[in-house]
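As structure tokens, the structure follows; a few thoughts come after it.
The values are calculated or read from the model by the stated rules, or taken from the named source; none is laboratory data. Nothing here was measured: the structure is a model prediction, and the numbers come from that model. Because the Cβ atoms are built from the backbone with ideal geometry, glycine has one as well, and the counts that use them run over all protein chains shown. Side chains included, ligands, DNA and RNA excluded: accessible areas come from the protein's heavy atoms. Shrake-Rupley method; radii C 1.70, N 1.55, O 1.52, S 1.80 Å.
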Amino acid sequence: MIDLKSMTQEELASLAQDFGQPAFRGKQLFKWLHRGLTSVNEMTDLPKSFREVLNEKTFISAPVIEKKQVSKQDGTIKYLWRLSDGNCIETVLMKYRHGNSVCISSQVGCRMGCAFCASALGGKIRNLTPAEMLDQVLMTQIDSGEPISNIVIMGIGEPLDNYENVIKFLHLVNHPEGMAIGMRHISLSTCGLVPGIERLQDEQLQLTLSISLHAPDDETRTKLMPINKVYPVEQLLAACRCYFQKTGRRISYEYAMIDGVNDFMNQADLLAKQLRGMPSHVNLIPLNDVEESKYHPSQNVEAFQKRLEKQGVAVTVRRRLGNDIDASCGQLRRKTLTSAD
Ligand code: SAH
């Protein structure tokens, strides 16, 4: 079966031609799919014969809401979607003064095994298709009635470990006749897969690349993130420097503050030193407690921030949203695994 919603407008045009239709039918299909229609029978401007063949040979992905939680504190909404094969994924809608942002998953599970992250528990099950990523934005917008202006690919999964599908999703969601979300309003977060970063710079996308750094030295970083054994800090930062030179886009570094692990002042100094000369932005994240992990939130966030600022590093501390519904970083799927799977 052909996955219609994962196709570009050009691919839909040639599919239409394969079925003996003029190419412009692809444009019509694209428009309906990106408005959220889930049945070709509702696409009233397509001829009946075309709809029949589409019903026979293709499908339109349509996740169903398994659970929806709304934060009483700040209106953050967490969706648990059930996919066509029964797997579940999560999406979080966050409301900011500057617009609504949606945090989407890129895989069912994750195989990167970061020690502090709940998504790593249980490993990776499969990649998400471009349509399944698009659905998280589209269906969240339709269900909540909130127009979405920003996307962060920071939910479950490692986007650069699902490279082709993520790139295709970006082009779909950015398309002027689709949701038309500007690349500058999209952030992609990676644990630091260097070959993926090198590939991404050649796409010349205007998105914001976020690196989950979490430690400036190999000893600490390897303890927290197994991927550091493959791509150590120096190699990762060299790739980042190159990415900036090729794209002109400032990179963002995520740094989850963990008590007694990565919150020492000499680590702030080392971080400042490593980022010197490279336009960057550091985002300190108060660690979210994950029951299964031995790590706890740092008490030194403010001092760490000041120490970085003094050395000229642009740094912000991330606000916690949706705390009462476990919607914060690294907590997604924690309850899902036990309750829904
Ligand atoms: N795989 C990608 C994107 C998903 S994780 C990546 O690693 O960047 C999204 C962000 O949440 C990452 O920066 C990740 O390191 C962070 N994170 C995971 N668990 C966390 C926790 N318990 N507290 C705070 N941040 C966490």
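Structure summary
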quantity	calculated
Residue list for the range 11-27, restricted to those being in a helix (DSSP H, G or I) and surrounded by fewer than 19 Cβ atoms within 10 Å (Cβ to Cβ)	GLU11, SER14, GLN17, ASP18, PHE24, LYS27
Enumeration of residues in the range 296-309 that are open to solvent by 20 Å² or more (accessible area, probe 1.4 Å) and in a loop (DSSP other than H, G, I, E, B)	HIS296, GLN299, ASN300
Some residue of the range 151-167 being over 18 Å from the mean Cα position of the chain (by Cα) and either of a type outside the set (A, V, I, L, M) or crowded, with 23+ Cβ neighbours inside 10 Å (or both)	no
GLY312, sole failed condition from (1) within 16 Å of the ligand (Cβ to nearest atom); (2) at pLDDT 95 or above; (3) part of a loop (DSSP other than H, G, I, E, B); (4) open to solvent by 20 Å² or more (accessible area, probe 1.4 Å)	(1)
Qualifying residue in the range 142-150 (condition: away from the ligand (no atom under 16 Å from the Cβ), in contact with a Lys or Arg (Cβ under 7 Å, 6 or more places away or on another chain) and of a type in the set (A, V, I, L, M, F, W, C))	no
Selected residue (only one of GLY330, GLY322 is at pLDDT below 95, in contact with a Cys (Cβ under 7 Å, 6 or more places away or on another chain) and within 14 Å of the ligand (Cβ to nearest atom))	GLY330
Any chance SER189 is touching a residue at least 60 places away in the same chain (Cβ under 8 Å), within 14 Å of the ligand (Cβ to nearest atom) and of a type outside the set (D, E, K, R)	yes
Selection count where residues are assigned to a strand (DSSP E or B) and either open to solvent by 50 Å² or more (accessible area, probe 1.4 Å) or in contact with a Pro (Cβ under 8 Å, 6 or more places away or on another chain) (or both), scope the range 259-293	1
Options ALA314, ALA256, ALA303; residue that is farther than 19 Å from CYS191 by Cβ, assigned by TED's automatic domain parsing to the domain that holds ALA120 and in contact with a Pro (Cβ under 9 Å, 6 or more places away or on another chain)	ALA314
Tabulated pairs, the range 44-61, first surrounded by 11 or more Cβ atoms within 10 Å (Cβ to Cβ), second part of a helix (DSSP H, G or I) and hydroxyl-bearing (Ser, Thr, Tyr), C-beta under 6 angstrom, 6+ apart or interchain	none
Candidates GLN204, GLN245, GLN235 - the one that is in the same structural domain as MET133 (by TED's automatic domain parsing), modelled with pLDDT under 95 and more than 12 Å from the ligand (Cβ to nearest atom)	GLN204
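This table checks each residue for (1) away from the ligand (no atom under 15 Å from the Cβ); (2) in the same structural domain as GLU203 (by TED's automatic domain parsing); (3) of a type outside the set (A, V, I, L, M).
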{"position": "SER119", "(1), (2), (3)": "no, yes, yes"}
{"position": "LYS124", "(1), (2), (3)": "no, yes, yes"}
{"position": "THR129", "(1), (2), (3)": "yes, yes, yes"}
{"position": "ASP135", "(1), (2), (3)": "yes, yes, yes"}
{"position": "MET139", "(1), (2), (3)": "yes, yes, no"}
{"position": "MET154", "(1), (2), (3)": "no, yes, no"}
{"position": "GLU164", "(1), (2), (3)": "yes, yes, yes"}
{"position": "PHE169", "(1), (2), (3)": "no, yes, yes"}
{"position": "ILE181", "(1), (2), (3)": "yes, yes, no"}
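Here's the yes/no breakdown for (1) aliphatic (A, V, I, L, M); (2) within 24 Å of GLY122 (Cα to Cα); (3) at pLDDT 90 or above:
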position: ASP263; (1), (2), (3): no, no, yes
position: LEU271; (1), (2), (3): yes, no, yes
position: VAL282; (1), (2), (3): yes, no, yes
position: GLU292; (1), (2), (3): no, yes, no
position: HIS296; (1), (2), (3): no, yes, yes
position: ALA303; (1), (2), (3): yes, no, yes
position: LYS335; (1), (2), (3): no, yes, no
